[in-house]
Amino acid sequence: MGVSSDWVLPALMLLPLLGSIVVWLLPRTADDSHGGQARHITIAVLSANAVLAVALWYLVPTGSASVDYPWIDDFGSRIQLVANGISLPMVLLTALLMPLGVIAMDRTSVTHRAASYYALVLLLTAAILGIFLAADLLLFYLCWELMLVPLYFLIGVWGTGRGPRAGTTFFIYTMLGSLLMLVALITVASAAGGTTYATLMLMAASVPLPLSTQLFCFGAFATAFLVKSALIPFHTWLPDAQGEGPPLAAVALGIKVGTYGLIVVAAPLFPSAMTHPTVRLVLVALGVLAVVYGSIVALAQPDFRRVMSYASIAHLGFVVIGIGAFTVGSLQGAMMVMVNAGITTGGMFLLLGMLRRRIVDDQFASLGGLARRMPMFGALLVLFALANAALPGTNGFVGEFLVLLSAFPAYPVPILIATVGVILAAAYLLWSVQRTLYGPVADGLASVSDLNGREVGVMACFVIAIIGLGLAPSPLLDRMNPSVSAVVNSVQVSAGSVPPIADGRAGRAP
């Protein structure tokens, strides 16, 4: 534990941050227009970060690891980083997805300003990891805002024709949500006299804010988190951002930082608001709406990338249902959906990015017959589609099943409605596969090439995760259980709703 506490946690943030500075300062030369040197440094840094994240997973088999450094004493703010059963899976997911996303696209995929592109990718990685590791609300907020900057430029500068518009829309939505979060942050930090999670949660347990203040602050944080997550009705920016931006930006947007914030920040800090029956019902209702609406709208999309954007909204719906139900089982299910959605949707966007490198017009109307021309691509597309449709035996099934099973006793009617989304997911995904892989070969596709060895190697990592977590999810669930149980127990006790949970696996909010 000394190793992880001493340097692994800060290294996970500092390594990509320093790498970003190094790449940014690289000399721009005419004979290196695709940024070969910048790409190699980026892959090396992100790969080293992935090794650190895997090492941290084994260094913290139970409990948590933490570091604490002085920062801004006048605000009661400290640089506190914590890795536990909730944050560790998200840290590991991010640290593995980002290098795979860079390796998946060859060096010619970035045709201009390559050094700037890779510097922003490293900065984005540092910001996302900071969100998951931060145990100080001010540090969390700074990393949250920092994430916005590289994503805006990645979408706007390296996206397709409508990339600038999509980036601007994403920026406006996120900034408006962040302003609400800032107001709530100032309110709660002023009341607590500090911004560390420990100080804020001590206030929540011993001298809680009035219910009206908690409802306001919870609503402000939840709005910011759900805007970044693209929950309905704040979803309109996501299909354009994921469809027009580069594949790596689509992968990063699929990492559920917003719902992570709901679980780790909003719920523990405002326990009376989180356990309020109306708040929970609203969250469940919004989740069900996202599942059904996202699934229905996905049926009408013109290309696979926009289908996957609406599939991501549907996955988010299951996460929000799990958070709204707020039982140990439903939160574990929500966490599993967050991890598995990052794998399945992230892998799918990379796979579709490989297709787009070969075919400029990748709308369904211009596709057909790819199963014969690209058999390896076709096999992977089917597997990813089935995983996104939550086929039993794949990773997508585990989380959705846990959410539905755990939430059903408290919300039977909404959960029955949400199960319609599972059926619709199979419909829109299999129909998309049919239009892409089968039917007459479209003009211009006769000579398209299949995936190469590098691309197959990257996709093999996703296949292992899909099958491994589908058949053996227990190690991940066991790692999550103590931390999830602690959050549920803390919120319920602080809200005065029920006695402490004796067995984390059995507790259920009323």
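A few remarks follow.
- Leading residue at positive end of dipole, the chain (Cβ point charges), from Gly243, Ala55, Val102: Gly243
- Cα-centred dipole magnitude for the chain, charges only on beta-carbon of K, R (+1) and D, E (-1), debye, nearest 20: 680
- Placing R0 at 30 angstrom, the Cβ-Cβ distance between Ala191 and Leu14 gives a FRET efficiency of 0.40 after rounding to 0.05.
- Net charge dipole, region 276-510: roughly 100 debye, given to the nearest 20, about the Cα centre with Cβ charges of +1 for Lys and Arg and -1 for Asp and Glu.
- Region 276-510 shape via C-alpha gyration tensor axes, a/c threshold 1.5: prolate
- For Gly85, nonlocal amide neighbours, meaning residues 5 or more places apart or on other chains whose placed amide H falls under 5 Å from its own, are Ser483.
- Residue-by-residue Karplus 3J(HN,Hα) for region 116-125, coefficients 6.51, -1.76, 1.60, Hz, glycine and proline x: 5, 4, 5, 4, 5, 4, 5, 5, 4, 4
- Percent RCO, i.e. relative contact order, over region 276-510, from Cα pairs under 8 Å lying at least 6 residues apart: 27
- Electrostatic bookkeeping for Trp237 treats Lys and Arg as +1 and Asp and Glu as -1; over the other residues with beta carbon under 14 Å from its beta carbon, the sum is +2.
- Amide H contacts for Ala135 (H built 1.01 Å from N in the peptide plane; partners 5 or more residues away or on another chain; cut-off under 5 Å): Gln80, Leu81, Val82.
- Between Gln37 and Leu59, the C-beta separation translates, for a Förster distance of 45 Å, into a calculated FRET efficiency of about 0.85.
- Per-residue 3J(HN,Hα) values for region 447-460, derived from phi via the Karplus relation 6.51 cos²θ - 1.76 cosθ + 1.60 with θ = phi - 60°, read 10, 5, 9, 7, 4, 8, x, 4, 5, 5, x, 5, 5, 4 Hz in sequence order (x marks Gly and Pro).
- Spatial offset of region 48-80 relative to region 182-203 amounts to 20 Å, using the alpha carbon center of each.
- Full extension of the segment from Ala300 to Ala460, taken as 0.36 nm per residue of separation minus the current Cα-Cα distance, would add 54.6 nm.
- Separation between Cα centres of region 81-121 and region 327-371, rounded to whole Å: 16
- The magnitude of the dipole of region 391-493, with charges of +1 and -1 set on the Cβ of Lys/Arg and Asp/Glu and taken from the Cα centre, is near 140 debye.
- Whole-number percent relative contact order across the chain, with pairs defined as alpha carbons under 8 Å at least 6 apart: 15
- Backbone phi angles across region 221-234, fed through the Karplus curve with coefficients 6.51, -1.76 and 1.60 (θ = phi - 60°), yield HN-Hα couplings of 5, 4, 4, 4, 5, 7, 5, 5, 7, 6, 6, 4, x, 9 Hz in residue order; Gly and Pro are listed as x.
- Pairwise label distance in nanometres, Ala426 with Val448, each label 7 Å out on the Cα-Cβ vector: 2.7
- A simple count of charges around Ile128, restricted to other residues whose Cβ falls under 15 Å of its Cβ and scoring Lys, Arg +1 and Asp, Glu -1, yields +1.
- Mean ellipticity per residue at 222 nm, deg cm²/dmol - from DSSP H runs of n ≥ 4 across the chain, formula -39500 (n - 2.57): -23500 deg cm²/dmol
- Take 235-244, 251-260 and order them by the average number of nearby Cβ atoms within 10 Å per residue, most first; the result is 251-260, 235-244.
- Net charge over other residues, Cβ less than 10 angstrom from the Cβ of Gln363 (K, R count +1; D, E count -1): 0
- Per-pair calculated FRET efficiency, R0 = 45 Å: Val183 and Tyr438 via Cβ, rounded to 0.05: 0.30
Since every read-out is calculated from the coordinates, none of them should be taken as a lab result. A quick note: this is a predicted structure, and the numbers were derived from the prediction, not measured. Heads up, the Cβs are rebuilt from the backbone with ideal geometry, glycines too, and the neighbour counts pull from every protein chain shown.
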